[in-house]
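> Got a structure for you, written out below as structure tokens; questions coming shortly.
Please treat every number below as a calculation from the coordinates, not as lab data. All values reported here derive from a predicted model rather than from experimental measurement. Ideal geometry is used to build each Cβ from the backbone, glycine not excepted, and the neighbour counts take in all protein chains shown.
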Amino acid sequence: MKTIDLRKKSTDDLEKELLEVRKAQFSARMQISTQQSNKTDQIAKFQKDIARIKTILAEKLKQA
């Protein structure tokens, strides 16, 4: 997920994207804990994506 693409989205779209990434993170955590997957690097990727989205949301709210 690129920051440039996220900045183009509205706050509503960013909130939806945040929810989707959190659901994907939860799903990945459950798959790892039940040993259905061994892609532990995805968790860090999702955390970084969540941080990017939250940062851009905070910037947009400050500007408004």
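> Mind jotting down the three principal axis lengths of the chain based on Cα atoms? Whole angstrom, largest first.
44, 16, 16
> Something else now. Tilt of helix 41-63 relative to the longest C-alpha principal axis of the chain, in degrees (0 to 90, nearest 10)?
20 degrees
> Next up: So which aspartates and glutamates pass the test for Lys23, namely a Cα distance under 19 Å, with those fewer than 8 places away in the same chain ruled out?
Partners found: Asp12, Asp13, Glu15, Asp41, Asp49.
> Moving on. What does the net charge come to around Ile50 if you take all other residues with beta carbon closer than 14 Å to its beta carbon, with K and R at +1 and D and E at -1?
Local charge sum for Ile50: +4.
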